[in-house]
Structures are given as structure tokens and as C-alpha cells.
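These notes concern the structure reproduced below.
The values are calculated or read from the model by the stated rules, or taken from the named source; none is laboratory data. For clarity, every value in this text was computed on a predicted model and none was experimentally measured. Cβ sites come from the backbone with ideal geometry, for glycine too, and all protein chains shown count toward neighbours. Note: areas computed on protein heavy atoms with side chains; ligands, DNA, RNA excluded. Shrake-Rupley method; radii C 1.70, N 1.55, O 1.52, S 1.80 Å.
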Amino acid sequence: MLIYVTSGRHFAHPSILRRHFGTFRAAREAAAEMVNLLRDSIDRDRLPPVPTDGWQQGLHEAQRERLLQESHDPGSLASEDLAAKADCNVWIERAHVEDPISFPVVDDRELGALLAALRLLQQQGCPEELLDVATDGAAFRTMDTSEIDALCERLNAAGTSTEIPRIVVALEGGLVSGVVTNRPVILHTVDYDTEGADDDDITLVPQDDHDPVEAIVNQWAGDALTLDPDWIARLEAAIADTSEA
């Protein structure tokens, strides 16, 4: 799965802001937003907002203005040197993420048996008569204790057949900026506003009562998702408190 990562570094903040998108168009729009925040911070009057297609030029203008404010001559510095000396930057990268590992749907009793078996394997090791099963005929090595810990956590996070998945979709300016879930899921967003989209971003989406319709379809899965059941629980508690007020 291919995603686009828009990152930004602001001279006033030590951390790097990263946002993930399914299309290059959305990544460019986010880059323009970050650049315009930089321009506003450096000099709102001299650096007005730039359009999406001018985000890179707008970034370089902001970096040069930042250097001038610091009494440095930007001269003809390359973009990499400008970013380093001005201590601010915005960039877009392509990233490939693996599809999430799917777990079979199990009930509470079956999940308990799986976890108990894994913990027994962790404590006592694998019996010789089961080594072929554990290694698929010596195709790979047996799992170590830390790998078993991680698998148990993932099985617990995946939940059981009786648990309803919780999915939180964060929107900024009408665009999906992030997805948080309490268990592994695959989420697709369908945007029928295709104006300005590249042909590679268009998918023909099936319809029940007429011909397929062009749309931009983004998939959120694997590393593109944030798996945070504790935050989901706090959010639902806040919603409950609001409803009771």
C-alpha cells in the first residue's frame, strides 16, 4: 500500500509534525497549509499565503526571509542548506506500508486458550514433537519471548467476535487527517469530488442502481492507522459525560 507523508519542522517547536494521506493531492494541500503557517509566523505582512501549487516556492521564500531576520545572507543556498540554516522545512515523502495481519475471529474462550498456549510456549519452550508445527517444517525459527509478548498484545488488541470495533476518523478542512482504532481494521474513504485529481488517483466505485462512479478511494490500514484503545476509551467516556450533562 502506497501512502504519502507530509512532514514539517518549525523553528519554534522541536518536534516534527507528520500527516499521512492516501493521495498526492491531499499531501500537497497539507504541505501548503504547513508552509502558510510558517510564513505567517515569520512575517504575516511580507509573506501572504500561497496556493497549493506554489507551496515549494513559498517555502523557500519563507526560509530566506527567516535567514534575513537572523542577519544571515541566504545568497544562492540550495534548498537543503536553506532548510538547515533557517531551521524550518516542509517535505513530502512516499511510503509503503504492509497490509495488517488478519487474525481469525475467535470468542473469549478460544482467545483465552490461544493466549495460554503462547504463555506456556514462552515459559517452557517448544516440545520437540511440535517443532515442525511451530517452525512450519524448519522454514523459520521459533518465536522468542519478546515476540510472543508482542503477539499476545496484538491478539488482545484485535479483540473477539463479540467486540464492536471503535473507529475515530479525524477531519481537517474536509480531508481525513488521521484514523484511530481500538483494534486492527481496514478503512476505506470514498471522495466523489475528483476535480483536479490525477488519473492514477481515480477509482471506478460500484453503485447499486447505476453505472460505477469516479471517486478518490483511500485505504487506511497497517501503519497508516493509530492503534490506541486507551485513547478511544477516554474519548467515549468524554462523550458519555457530555451526554449526561
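Laid out as a table, the results:
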read-out: Percent accessible area from carbon and sulfur atoms, the chain, protein chains only, probe 1.4 Å; value: 50
read-out: Loop-resident sites, the range 156-245, for chymotrypsin sites (Phe, Trp or Tyr not before Pro), counting at most 11 other Cβ within 10 Å (DSSP); value: 192
read-out: For the chain: accessible area per residue (Å², 1.4 Å); value: 64
read-out: Accessible surface of residue 29 - all protein chains present, 1.4 Å probe, nearest 10 Å²; value: 60
read-out: Equivalent ellipsoid semi-axes, the range 36-75, via Cα gyration tensor eigenvalues times 5, rooted, Å; value: 18, 11, 6
read-out: The chain: angle of helix 229-244 to the longest principal axis, Cα-based, in degrees nearest 10; value: 80
read-out: q = 0.18 Å⁻¹: log10 I(q)/I(0) that the Debye formula gives for the range 179-245, counting C-alpha atoms only; value: -0.80
read-out: The range 190-213 versus the range 214-245: alpha-carbon centroid distance in Å; value: 26
read-out: Given 12 as the ceiling on other Cβ atoms within 10 Å, longest exposed-site-free region of the chain for trypsin sites (Lys or Arg not before Pro) in DSSP loops; value: 142-245
read-out: Nearest 10 degrees, 0 to 90: helix 24-43 Cα axis against the chain principal axis; value: 50
read-out: Residue 13 accessible area, assembled protein chains, probe 1.4 Å, Å²; value: 110
read-out: Three-way shape label, the range 9-56, alpha-carbon gyration tensor, a/c 1.5; value: oblate
read-out: Estimated FRET transfer efficiency when R0 is 41 angstrom, pair residue 147-residue 204 (beta carbons, to 0.05); value: 0.50
